[in-house]
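The values are calculated or read from the model by the stated rules, or taken from the named source; none is laboratory data. This structure is a prediction, so every number in the text was calculated from the model and none was measured. Methodologically, a virtual Cβ is constructed for each residue, glycine included, from the backbone with ideal geometry; neighbour enumeration extends over all protein chains shown.
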Amino acid sequence: MNYSALNQVFFKSCSEVSSETNTPCYAVGGWVRDLFLERECKDIDVVVVGSGIEFAKEVAKKLNPKIKVNYFANFGTAQFVYDGIDYEFVGARKESYQRDSRNPIIENGTIEDDIARRDFTINSLAISLNASNFGELLDLHGGSADLEKKILRTPQDPDITYSDDPLRMLRAVRFASQLNFKIEEKSFEAISRNSNRLEIISKERIHSELNKILLSPKPSIGLDLLYKTGLLDYVLPELKLLHGVELYKGKGHKDNFYHTLQVVDNLAEKSDNLWLRWAALLHDIAKPQTKSFSEENGWSFHGHEVLGSKMAVSIFKTLKLPLDQPLQYVRKLIFLHLRPIALTKEEITDSAVRRLLFEAGDDIDDLLLLCQSDITSKNEAKVARYLENLEKLKLKIKEVEERDHIKNFQPPITGEMIMKTYNLKPSRVIGDIKNHIKEAILDGVIRNDYDEAFALMLSVAPKYITDAQS
Ligand code: CTP
């Protein structure tokens, strides 16, 4: 069954239950918006003027009696999955909020009340599922005109809408970035006024919106809006510090905030890997802390890749982003982001390429994508030269990898072999011998091959063992 036919079966069932139980019901929210925008949407929200839970149970029974309906009596919501689509039901409600919490005080309401409390006019459209006017659009706040005009506007006074639920300020920026919509001026001003209210929002919700901004087609739209509205102070203050150009004796450096945005956009054109986009966002994060000026060299940011890689840890911790594989990957890319270009500035030696391959491992291609995205000079000749050098480096990397297999480096001589040959117990000297062999392979003294590595072990191990015993 295709997507639209599936929807028809579902909506028909809603309509039948609506007539049988005399309960008005409407499809609302993101699904209606995305229908207009021709975007795919896997969640369908239904509002009923009555009990959402009872209604959901009746609809599920019609579709397939085996469907398991999950419901949350406290919130009056119910949910089930049918053929890969997530259906959510809720009774129409009126809400009012307390200042220090996102949890509303809920009362039953009309469909009009329910629609008016929503975040944006484009999310306040409803389609009737009632038999009498099935399929009729209920557009009480000019949502379809705003979709046409590509505008984000709140149905009520924006100060109230954002104050009711401050997460909506981030949602505004996120929708602007995802859909390439403008935030209406009054709304923009209200966000700027209320930005500090993001303080009551959980870090998980903040990072989820930030991830959606980063995954949008042109993330710079959202990132620049975060800066301009002041939300960045509560989302990623470290990024804000990159903004601006300092002048000393007439010499300025580039604005690292806008440079970073350009790098993220460049990368977004080539990859939709979220964590690679994060690496692009943070690649220069330590520039403000490492900035210095000297007469001979002008501005420099010595060691920003090392400090930046450390700062990624605290940023991920603060935002409650995953600290396992994604963080290690982002750290590695930040740490290595200068290496490929630095390599191309000299004659590219095999051993330098082997070392890069050893450190980057399977992430070498992502690192090269990041480096390519990092070339943002306005000087076209310079860009062309860098790109050409990077291409040469890629060829060299391919050649060295095909020959030496360094990417997933496994030491040809293991610790076990060393212990067995010399009848040793596990100790530091084993690591020293293994390291000696690894360095010899990376430097090209021997090949990445068992026989050569074994011969090297026989020649160097005795000295390591004697030194360790003395
Ligand atoms: N909504 C709201 N305020 C919020 C979150 C949601 O008013 N802070 C309303 C909007 O009408 C929204 C609907 O609830 O359309 C459903 O919310 P959700 O599923 O979170 O968002 P979608 O609009 O569907 O968009 P996305 O799935 O991209 O988040």
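Tell me which residues, restricted to segment 107-116, are closer than 17 Å to residue 144 by Cα and within 13 Å of the ligand (Cβ to nearest atom). Before you say what the answer is, go through the steps one by one.
Taking segment 107-116 as the starting set, the residues that turn out to be closer than 17 Å to residue 144 by Cα are 112, 115-116.
Residues satisfying the conditions are 115, 116.
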Set 245, 263: member being away from the ligand (no atom under 16 Å from the Cβ) and touching a Ser or Thr at 6+ places or on another chain (Cβ under 6 Å): 263
Scan 287, 270, 240 and give me the residue that is in contact with a His (Cβ under 6 Å, 6 or more places away or on another chain) and of a type in the set (D, E, K, R). 287
Reported set for segment 306-323 where residues are touching a Lys or Arg at 6+ places or on another chain (Cβ under 9 Å) and part of a loop (DSSP other than H, G, I, E, B) is 319, 320, 321, 323
Which one is surrounded by the fewest Cβ atoms within 10 Å (Cβ to Cβ), of the residues in segment 449-470 that are of a type in the set (Ser, Thr, Tyr) and closer than 18 Å to residue 428 by Cα? 470
Checking residue 160 against (1) without any contact (Cβ under 8 Å) to a residue 12 or more places away in the chain; (2) within 15 Å of the ligand (Cβ to nearest atom); (3) assigned by TED's automatic domain parsing to the domain that holds residue 24: exactly one of these is not met. Which one? (3)
Which residues, counting only those in segment 303-356, are closer than 13 Å to residue 282 by Cβ and among the acidic types (Asp, Glu)? 305
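Could you tell me which of the residues 17, 32 is at pLDDT 95 or above and either closer than 21 Å to residue 107 by Cα or of a type outside the set (S, T, N, Q) (or both)?
On the way: 32 fails: at pLDDT 95 or above.
On inspection, the qualifying residue turns out to be 17.
Say whether the condition of being farther than 20 Å from residue 342 by Cα and out of contact with any helix residue (DSSP H, G or I) (no Cβ under 6 Å at 6 or more places or on another chain) is met by at least one residue in segment 395-402. Talk me through it step by step, then tell me what you get.
So the first thing to find is which residues in segment 395-402 are farther than 20 Å from residue 342 by Cα, and the list is 402.
From what is left, the residues that are out of contact with any helix residue (DSSP H, G or I) (no Cβ under 6 Å at 6 or more places or on another chain) are 402.
Scanning segment 395-402 turns up at least one residue that is farther than 20 Å from residue 342 by Cα and out of contact with any helix residue (DSSP H, G or I) (no Cβ under 6 Å at 6 or more places or on another chain).
Restricting to segment 145-182, name every residue that is assigned to a helix (DSSP H, G or I), under 27 Å from residue 268 (Cβ atoms), more than 23 Å from the chain's Cα centre (by Cα) and of a type in the set (A, V, I, L, M, F, W, C). If you could, list the steps in order and put the result at the bottom.
Taking segment 145-182 as the starting set, the residues that turn out to be assigned to a helix (DSSP H, G or I) are 145-149, 158-164, 167-179.
Filter again for under 27 Å from residue 268 (Cβ atoms), leaving 146-149, 167-179.
In the following step, the residues that additionally are more than 23 Å from the chain's Cα centre (by Cα) were identified as 146-149.
Once the filter is applied, which keeps residues that are assigned to a helix (DSSP H, G or I), under 27 Å from residue 268 (Cβ atoms), more than 23 Å from the chain's Cα centre (by Cα) and of a type in the set (A, V, I, L, M, F, W, C), segment 145-182 yields only 147.
Picking from 458, 424, 442, 393, which residue would you name as being under 32 Å from the mean Cα position of the chain (by Cα) and not basic (Lys, Arg)? Quick ask: steps written out before the conclusion?
Details: 458 fails: under 32 Å from the mean Cα position of the chain (by Cα); 424 fails: under 32 Å from the mean Cα position of the chain (by Cα); 442 fails: under 32 Å from the mean Cα position of the chain (by Cα).
Going through 458, 424, 442, 393 in turn, the sole match is 393.
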Enumerate the pairs (first residue in segment 288-309 and at pLDDT 85 or above; second residue anywhere and among the basic types (Lys, Arg) and outside any loop (DSSP other than H, G, I, E, B)) with beta-carbon separation below 6 Å, excluding pairs fewer than 6 apart on the same chain, so at least 6 apart or on different chains. 301/287; 304/287; 309/331
Among helices (runs of 4 or more DSSP H) completely within segment 334-428, the ones holding 1 or more residues that are farther than 30 Å from residue 451 by Cβ and among the hydroxyl-bearing types (Ser, Thr, Tyr) are 339-344, 364-373, 380-404
Residue list for segment 237-269, filter: hydrophobic (A, V, I, L, M, F, W, C) and within 30 Å of residue 196 (Cα to Cα): 239, 241, 242, 245, 257, 261, 263, 264, 268
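The rows are residues; the columns are (1) within 12 Å of the ligand (Cβ to nearest atom); (2) within 20 Å of residue 34 (Cβ to Cβ); (3) buried (at least 20 other Cβ atoms within 10 Å of the Cβ).
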| residue | (1), (2), (3) |
| --- | --- |
| 153 | no, yes, yes |
| 172 | yes, yes, yes |
| 206 | no, no, yes |
| 211 | yes, yes, no |
For segment 50-90: of the residues being closer than 13 Å to residue 25 by Cα and within 14 Å of the ligand (Cβ to nearest atom), which is surrounded by the fewest Cβ atoms within 10 Å (Cβ to Cβ)? 88
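From the residues in segment 22-49 that are farther than 12 Å from residue 86 by Cβ and of a type in the set (A, V, I, L, M), which one is farthest from the ligand (Cβ to nearest atom)?
49
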